Each structure stands twice: as structure tokens, then as C-alpha cells.
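Student: Encoded as C-alpha cells, here's the structure I'll be asking about.
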Amino acid sequence: MYFPQLTFLRYIAAAIVLMSHFGQVQEILSIPGLGNAMHYSNTLLSFFFVLTGFVLILSINQNNQLPPAIPPKLLLFRRLIRIYPLHWLALLLTLVMQQIELVQNPTADVAPVDTGKVLAHALLLQAWYPEYSFALVYNYVSWTLCVELLLTLLAPFLYSWMLKQPTTRLVRNVTLVWLGSLLVHYQCLQQGMPVDWGFFWPPVHVPEFIVGMAGGFVLCRRFEVLKQQAKWMHGLAYLSGALMIGLMMGAFPYLYKNSLIFAPTYLFVLLSVSLSSNWVTKLFCTKPFLYLGKISYGVYILQLPVAIFILRVVHPWAGWPYRYSVLLFLVTLTGVAALAYEWMEKPIATYVKNRLLRKVTSVPLVEPSPSLVAQ
């Protein structure tokens with residue numbers, strides 16, 4: 001089951017991260033309401049993991065039939081091939097750009113190169129010890145890929161658990177899982193758990209992935225019914241989205257680094273977009289928007305090395321207004337991501353498909369969220 005309009009949402013997810021990382025400027029933070037929304041924008045990262053689970057189920061639904069199981073080794077192999085090459089390139093570029101920044105500005109806030117930390121980042125193990133000084137050094141956005149790997153390992157087992165359940169029971173059980181995770185998260189924070197542990201530690205995001213998978217099951221099993229009642233899903237997406245924005249603008253304290261709370265909202269949005277056939281979703285299906293979705297992993301994972309080069313190396317040297325440097329950064333990042341897609345991602349995917357997996361076609365390649373990413 002394929003909905004091309006979902007492809008562009010991966011780019012939107014990557015753009016959310018860009019906004020969260022580089023929109024924390026005084027001109028924006030000083031705007032009433034919007035400044036609060038930017039401060040709590042880290043809660044939007046849940047979208048990556050909900051999207052991952054949702055697309056996984058849709059991608060294995062062939063001819064309106066879900067397979068009896070997901071081959072664990074095949075899924076893991078495909079995900080490793082998809083994630084690691086560009087991740088390693090981004091890590092290398094980040095380390096090089098940080099050293100260039102140090103040459104230009106010896107007082108720059110750059111973490112020293114530590115062999116153990118570099119190795120942990122290269123293997124995507126850093127988020128399992130989510131102290132800020134460990135998980136978020138070097139190319140810090142890659143912590144979401146640690147989550148993606150955990151979700152990949154768990155996906156076959158979660159799929160088997162969900163497949164056995166009727167739709168109504170599945171929705172009830174997943175709702176209980178989500179509510180229970182919120183309660184556990186809140187109680188852990190009350191007992192003194194560091195906020196970073198409740199945000200960067202990979203197991204925290206498993207319920208978001210489960211919500212996304214459940215949404216995929218519901219769409220596959222009840223597509224015709226949902227299509228006939230699409231207006232109700234659109235309304236639910238609008239209302240929950242408005243509530244989310246209102247809570248963020250109102251600076252509700254529990255939102256800070258809590259990506260669990262809005263998982264249902266993102267699922268409603270995904271279901272609404274999947275069921276839509278208006279001018280917006282038709283626009284998302286055009287070639288330029290589809291291509292932006294395809295390069296979204298590069299936009300996500302390469303943002304830091306490009307930002308260091310443009311905003312910390314070129315900008316001080318050029319001396320032009322900061323907004324010009326931001327525009328140059330966005331254009332350069334899109335171009336670099338497109339080059340990485342054409343010269344690295346596509347050739348690797350083609351080689352894997354034609355040489356390594358010629359005889360295996362049961363599980364299509366699932367794009368990572370820039371788990372996106374997340375992305």
C-alpha cells in the first residue's frame with residue numbers, strides 16, 4: 001500500500017528539526033507565543049518515530065494483504081545499509097568542520113575528539129548513555145538513528161503481537177500502552193530522572209513507534225471505511241493539531257523534551273493525509289516535492305556539518321547579515337543532500353537490490369525518519 005503524499009512529510013519532519021536547532025534566535029523567541037512554541041519544539045521529534053512505524057506497515061501490505069511475519073534479518077540488513085553509509089559520511093564531515101572552525105576561532109565551543117565517543121557515535125550507541133556531554137557531541141542529530149535501530153530490532157516482534165489482535169482490541173491496547181508510557185515518564189521525572197534520560201534514551205520512544213504501527217494496521221484493515229468517513233479524520237487531525245500548538249504556545253511545562261505526548265496527534269495527521277485527495281496532497285505528489293522527500297535523510301543527517309561551515313566559518317568571514325547566511329545554509333544543505341542521494345544513497349540501494357537481495361522481495365526498503373529522524 002503506497003501513498004506518495006507521505007513522502008514529502010519526511011522532508012517536513014527534517015524541516016521541523018532544522019527549525020528546532022537553528023530557529024532559536026532572539027528575533028523569533030521574542031515573538032509572543034511563537035517563542036514558546038520554538039522552545040518546546042523538541043516535542044515534535046515524536047513525528048519521526050510515529051512515521052517510521054506507520055510507513056513500515058503500509059510498505060509490507062501487498063495486494064491488501066499483510067504478511068504473516070516480518071523477516072528480522074532482512075529488515076535489519078536493509079536498515080543498516082540505508083542508515084550507516086550516510087551517517088558515517090556526516091560524522092566525518094562534522095569532525096572535519098569542527099576542526100576547521102577551531103582553526104578560525106580557537107575559543108569556539110567544540111568538543112575535543114575522544115576516540116571512545118567517536119567510536120560510540122560511529123556505531124550509533126551514544127544515545128544509550130544520554131548525558132548531554134556524551135550523546136550530543138559531534139553530529140548530535142544522529143542520536144535519533146540509535147532509536148531507529150532499536151525500533152528495527154523490535155519491529156518483527158511488535159508486528160507479530162499486533163497481527164494477532166482484532167482491530168478494536170489493538171486500538172484499545174495501544175492506547176493503554178501510550179497512556180501508561182506517559183504515566184511512567186511523568187513519575188520518573190517526579191522521582192528525579194534527568195530530563196535528558198527521558199528524551200534521548202532509545203526505549204522511551206518505543207510507544208511512539210507502536211502508535212504509528214497501530215495506525216498502519218488500522219488503515220490497511222479499514223481503508224474503505226475510513227475513506228468514506230475521511231472528513232471525521234480530517235477534523236480530528238485539525239482539532240488535535242490546534243490543541244498541540246496551543247499547548248506549545250502556552251508553555252505547558254510538561255512538554256519540554258517530552259516527545260510521547262503528541263504521538264496520537266501525528267498519527268491523526270498521517271491518517272488524514274493518507275485519506276486526502278485535495279490540492280495539497282496532489283501538490284505533495286508532484287516530482288519536486290517527492291524528490292525533496294527522497295533527499296530528506298540527507299537534509300536531516302548532514303545539517304550540522306553544513307551549518308558549521310556556512311554559519312560559523314563562512315558567515316564570520318563574509319560579514320553579511322545573518323539572514324543571508326541562513327538562506328545560503330538552506331540552499332547549500334539541499335544541494336549537498338541531493339548530491340549525497342544521487343552519488344551515495346541511490347547507488348548503494350541499487351547495488352543492494354540488484355546484487356545482494358535479488359532473490360528476496362518480500363519486504364520493501366523502509367526509509368528511516370530523519371527518525372527521520374527520526375529522524
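Student: With (1) at pLDDT 95 or above; (2) open to solvent by 60 Å² or more (accessible area, probe 1.4 Å) as the list, and Val174 as the residue in question, which single condition is left unmet?
Tutor: In the conditions (1) at pLDDT 95 or above; (2) open to solvent by 60 Å² or more (accessible area, probe 1.4 Å), Val174 misses (2) alone.
Student: How about segment 41-96: which of its residues are among the small types (Gly, Ala, Ser), open to solvent by less than 10 Å² (accessible area, probe 1.4 Å) and either at pLDDT 90 or above or part of a strand (DSSP E or B) (or both)? Break it down stepwise before answering.
Tutor: To start, the set of residues in segment 41-96 that are among the small types (Gly, Ala, Ser) comprises 41, 46, 53, 59, 69, 90.
Going one step further and asking which of them are open to solvent by less than 10 Å² (accessible area, probe 1.4 Å), we end up with 41, 46, 53, 90.
Result: Gly53, Ala90.
Student: If you go through segment 118-139, how many residues are surrounded by 18 or more Cβ atoms within 10 Å (Cβ to Cβ) and either assigned to a helix (DSSP H, G or I) or not β-branched (Val, Ile, Thr) (or both)? Reasoning before the result, please.
Tutor: First, the residues of segment 118-139 that are surrounded by 18 or more Cβ atoms within 10 Å (Cβ to Cβ): 120-121, 124, 126-127, 130, 134-139.
Applying the additional criterion that residues be either assigned to a helix (DSSP H, G or I) or not β-branched (Val, Ile, Thr) (or both) yields 120-121, 124, 126-127, 130, 134-136, 138-139.
Summing the residues that are surrounded by 18 or more Cβ atoms within 10 Å (Cβ to Cβ) and either assigned to a helix (DSSP H, G or I) or not β-branched (Val, Ile, Thr) (or both) in segment 118-139 gives 11.
Residue by residue, here is whether (1) of a type in the set (A, V, I, L, M); (2) within 23 Å of the chain's Cα centre (by Cα) holds:
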{"position": "Val177", "(1), (2)": "yes, yes"}
{"position": "Phe199", "(1), (2)": "no, yes"}
{"position": "Pro203", "(1), (2)": "no, yes"}
{"position": "Phe209", "(1), (2)": "no, yes"}
{"position": "Arg222", "(1), (2)": "no, no"}
{"position": "Lys231", "(1), (2)": "no, no"}
{"position": "Tyr238", "(1), (2)": "no, yes"}
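Student: Only residues that are assigned to a helix (DSSP H, G or I) and either charged (D, E, K, R) or in contact with a strand residue (DSSP E or B) (Cβ under 9 Å, 6 or more places away or on another chain) (or both): list them for segment 169-213, please. Can you show your working first?
Tutor: To start, the set of residues in segment 169-213 that are assigned to a helix (DSSP H, G or I) comprises 169-190, 197-200, 202-213.
Hits for segment 169-213 are Arg169, Arg172, Glu208.
Student: For the subset of segment 97-112 comprising residues that are polar (S, T, N, Q) and open to solvent by 70 Å² or more (accessible area, probe 1.4 Å), which member is nearest to Ile301 (Cα to Cα)? First the steps, then the outcome.
Tutor: Our first condition is that a residue be polar (S, T, N, Q); within segment 97-112, this holds for 98-99, 104-105, 107.
From what's left, open to solvent by 70 Å² or more (accessible area, probe 1.4 Å): 99, 104, 107.
Working: Gln99: 19, Gln104: 24, Thr107: 26 Å.
So the residue we want is Gln99.
Student: How many residues does segment 285-333 contain that are of a type in the set (D, E, K, R), surrounded by fewer than 17 Cβ atoms within 10 Å (Cβ to Cβ) and more than 27 Å from Leu6 (Cα to Cα)? Steps first, please.
Tutor: Within segment 285-333, the subset of a type in the set (D, E, K, R) is 287, 294, 312, 323.
Within this subset, residues satisfying the condition of being surrounded by fewer than 17 Cβ atoms within 10 Å (Cβ to Cβ) are 287, 323.
After this cut, where a residue has to be more than 27 Å from Leu6 (Cα to Cα) as well, the list is 323.
The number of residues fulfilling the criteria is 1.
Student: Quickly run through segment 246-291 and pick out the residues that are modelled with pLDDT of 90 or more, more than 30 Å from Ala340 (Cα to Cα) and assigned to a loop (DSSP other than H, G, I, E, B).
Tutor: Ser276
Student: Cβ contacts < 8 Å: first residue modelled with pLDDT under 90, restricted to segment 178-198; second residue open to solvent by 80 Å² or more (accessible area, probe 1.4 Å), any location; separation 6+ or different chain. Result?
Tutor: Note: pairs meeting the criteria are Val195/Tyr256; Asp196/Tyr132.
The values are calculated or read from the model by the stated rules, or taken from the named source; none is laboratory data. Quantities reported herein were computed from a predicted structural model and do not represent experimental measurements. Methodologically, a virtual Cβ is constructed for each residue, glycine included, from the backbone with ideal geometry; neighbour enumeration extends over all protein chains shown. The area values use the complete protein model at the heavy-atom level, side chains included, leaving out ligands, DNA and RNA. Shrake-Rupley method; radii C 1.70, N 1.55, O 1.52, S 1.80 Å.
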